[in-house]
Amino acid sequence: MNPARLRLIFVFLVIVAGWFGISRLDFDVDPLSLLPQELPGLQGTRLLREQKRDLLLIAVQAEDPALIEVTAEALAEHLSAQPELCASVRSKSLIQSDPAIIAEVVAYLWLNAPPDEVTKLVASLDAASLSALLAKSKETAGTSLDLQNATLTGYDPLGLARGALELMSGGGDMSSMMSDEFSSADGTLRLLFVTPPGKALADYRAANAWLAQIKTEVREKWLPQQGELTGVKIGFTGDPAFQAEIATGMEGDMRQSIGAVTFIVGFLFWLLHRSVKPLFWLLLAILCANMLTLGTAGAIYGSLNVMSMGFAAILTGLIEDFGVVGLHMAREHPDEGFSRICRRALPSVTWSAISIAGIFAMLGLSQLPGVAQLGILSALGVLIGAAVMIFGFLPLGMGAGKLEEHHGTTRFAMKMQGVMVALVLIALIASTVVVMWKGLPRMDFGSSVLRPDKSEAFDVFEDIEKRMMNLGAEPGRNVPLIFAAHDAAALRESILASQKLLTSDEVEAHMLPLALVPDAEAQKTNLPVLQSLATREDSLRQAVDAAGFTDVAFVLTQNVFKQWREWAASHSALPLWPKPIVLENLGGIVSKHAGHGLMAIGSVRLAQGRTLENAAVLHEVEKIPSAHPAGWDFLRTSLEPLLKRELLRVCVPTVVIALILFFLVFHGWRERIFAFLVLSASGWILLGGMTAWGLTWNLMSVGAVPLCLGLGLDFTIHVMHSLREPGATRERAASLGRSLAYCGLSTGLAFGALATGSNRGLITLGMTAMIGVLTVLITAAFALPWVWFRRKS
């Protein structure tokens, strides 16, 4: 075929591949997408995030509580006045909010209460008991050391609100129900809950743009105008902030990595061949292979998760080797045409591609979607890349001009073989010492690895946890419970079943929102009783006035009676729900969701001495339909055993495939033993290097294992194929080693560029991959030929 026509076809293929890949693919930056759907705790953790998914938390901090309160109120008022920026802003808890909302909550709790509790309430307000009740309330309001309880009693002499809170807390400690979700105990931290408008969170780019607008409005426009607010710190956290920071950070890291790969590939290629034209076609071929693989991924998966976003760097490091090996063959045999060179290169490239793709494909057996997707995607990419390099790049690279030999660099490579052997021996000894001293790299499968290394959102959230949730003193004892069902009856049934289990001695306390979940039968029985009680409003007011309470003491009770009368007059279908604004002010304890139906949030505090690992009651609760323990701490207890099972599920088939490939690819026991020693030495040095640098095995760094194993097999196959050829010499082996050095250095240094990024997971992936790739390069491309020829002599 005419070379010019071939180039046009190749460029057209790149354009079509790019359009195909970009148009069919989306990116999923949710770290939970890396985990199997059936993992205990995952559903609850996902529902917990969904419940407050759209809320941005603004944290206002200062040493003066009075200043904090003024600042929070002023900022809430300022943001509320900008509906195009904030759909809603909440800065007050239920107890501090609109009295009408408080009255509706109290009225609803009694409407939804067990009928025998309503009977007790009516009995406590009859003529015989009323005087004693008011006298006790008067004493509590005047002498109680509990200031909050005394204040509430002064506004609630008949006990309707206090009784409602007892119903809500299940008869336990009311302090958890009356605690302020917007303020720390010492008053030096206040929270604002901000809901974005419209489609501000359509994707992570939109979330980042909206967050930037909010920060600019608050920090650059509003705060400088408040001269008296010196010493006030304002931070931003919540799911929109997490989404923006993680996704944009990873996008920037990958862009930086791609830039580093391009520069390193170009610079090293020029050093190797002193030619620019083949470099252009090589970069175009890499782009084409990546885009075709992305398009295939779009057709199969529809989206890439955060782990698979690193596949481009992995794929680049693997497939460029095929093109460079082809050019090496062309340089070794300058008088042969493409067809002859193709026949020479195909055996090693084919076996290398099949071996690497087989190793990566075994990751598809993993129960972890992130690992499985990365494996399948990389396996497809290797096969696609091998075809693109041999049949697309190689004829173009050969036709781009004569490639120079540069015997000086080949002689230097020969000299380096002995040095590399000594370096491998030193690294093996050092790794053994480090592992014996510090142990093997530890496992870390928490969510922190997916956070940016420097993150305002995570730092602010951790500070809120410590100061408002008391998690710093007793970590792991507080576990959220999420209940989700399509109707109120199923939701109540799930909560009641959980309540029975949580009476176990493994549990110190629990809070379940049963009182807020509509009960149609109870409401049907209670509504006429409460309506009848409301008809006694005048006589009850007179009794309260006669007992010496203030004029406002009966306002709350009056509003509660008014709400009962309105419900009775409306003749609405039961069960009744509070208004949406009331549910919002309850902090979403009970809520309605289009995708999940009805949701309710509870919590469990484990008994002293109990941990998530030995609290069987939580796993029993999870067996109840619609009940879900939640949180990363609980997830970790299920994830670590899963990962141990993964070692058998993935590693055993991988070892079997590797053994089969060993027998198929390598000829005779000598080649197989040498290949095994290369991979074993590289793996041990990698473990020692990870321990020395404090790197961990996490949801991102495990992706370096198949990459290093694949490149180790790749380099070893090419070297062995060269060594078994008739007339093989140290010089020819050194020449191939020089070409492989280009591939290994470009890949290893490109991954090293990730270590300068912002995301902790990509940093560990980059460092682990760089150590592994450079190790297999030195061992396979330089040490192996030196030992081979020494043994032959």
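The values are calculated or read from the model by the stated rules, or taken from the named source; none is laboratory data. These numbers come from a predicted model, not from an experiment. With ideal geometry, Cβ positions are generated from the backbone for all residues, glycine too; neighbour counts draw on all protein chains shown. Each accessible area value is taken on the protein alone, full model and side chains, heavy atoms only, with ligands, DNA and RNA left out. Shrake-Rupley method; radii C 1.70, N 1.55, O 1.52, S 1.80 Å.
Residue-level check: of (1) at pLDDT 80 or above; (2) polar (S, T, N, Q); (3) out of contact with any strand residue (DSSP E or B) (no Cβ under 9 Å at 6 or more places or on another chain); (4) more than 30 Å from R730 (Cβ to Cβ), T350 misses just (4). Given the conditions (1) modelled with pLDDT under 80; (2) more than 18 Å from F236 (Cβ to Cβ), which single one is not true for L428? Of the numbered conditions (1) modelled with pLDDT under 80; (2) more than 18 Å from F236 (Cβ to Cβ), the odd one out for L428 is (1).
The listed residues are L134, L165, L121, and the only one of them that is at pLDDT 90 or above, closer than 17 Å to T557 by Cβ and open to solvent by less than 30 Å² (accessible area, probe 1.4 Å) turns out to be L121. Looking at R760, R730, just one residue is in contact (Cβ under 8 Å) with a residue 60 or more places away in the chain, of a type in the set (D, E, K, R), more than 21 Å from V419 (Cβ to Cβ) and out of contact with any His (no Cβ under 7 Å at 6 or more places or on another chain), and that residue is R760.
Say whether the condition of being modelled with pLDDT under 80, surrounded by 15 or more Cβ atoms within 10 Å (Cβ to Cβ) and under 27 Å from E462 (Cα atoms) is met by at least one residue in the stretch 614-624. Among the residues of the stretch 614-624, not one is modelled with pLDDT under 80, surrounded by 15 or more Cβ atoms within 10 Å (Cβ to Cβ) and under 27 Å from E462 (Cα atoms), which makes the answer no. Taking the listed residues A202, A212, the one that is at pLDDT 85 or above and exposed (fewer than 14 other Cβ atoms within 10 Å of the Cβ) is A212, with no other qualifying. With the structure loaded, tell me whether V702 is surrounded by 24 or more Cβ atoms within 10 Å (Cβ to Cβ), in a helix (DSSP H, G or I) and in contact with a Pro (Cβ under 9 Å, 6 or more places away or on another chain) or whether it fails that test. Considered against the rule, which asks whether it is surrounded by 24 or more Cβ atoms within 10 Å (Cβ to Cβ), in a helix (DSSP H, G or I) and in contact with a Pro (Cβ under 9 Å, 6 or more places away or on another chain), V702 comes out as no. Among the candidates E725, E731, the residue that is farther than 25 Å from T747 by Cα and either aliphatic (A, V, I, L, M) or surrounded by fewer than 21 Cβ atoms within 10 Å (Cβ to Cβ) (or both) is uniquely E725.
Taking the stretch 72-115 as the range and being of a type outside the set (A, V, I, L, M, F, W, C), buried (at least 22 other Cβ atoms within 10 Å of the Cβ) and modelled with pLDDT of 85 or more as the test, the residues that pass are E104, Y108, N112. One residue stands out among those in the stretch 533-557 that are exposed (fewer than 15 other Cβ atoms within 10 Å of the Cβ) and without any contact (Cβ under 8 Å) to a residue 60 or more places away in the chain: the one that is nearest to L111 (Cα to Cα), which is T535. Being part of a loop (DSSP other than H, G, I, E, B), in contact (Cβ under 8 Å) with a residue 24 or more places away in the chain and open to solvent by 50 Å² or more (accessible area, probe 1.4 Å) holds for only one residue in E63, E69, and it is E63. Of everything listed in (1) surrounded by fewer than 21 Cβ atoms within 10 Å (Cβ to Cβ); (2) under 27 Å from V435 (Cα atoms), the single unmet condition for G631 is (2).
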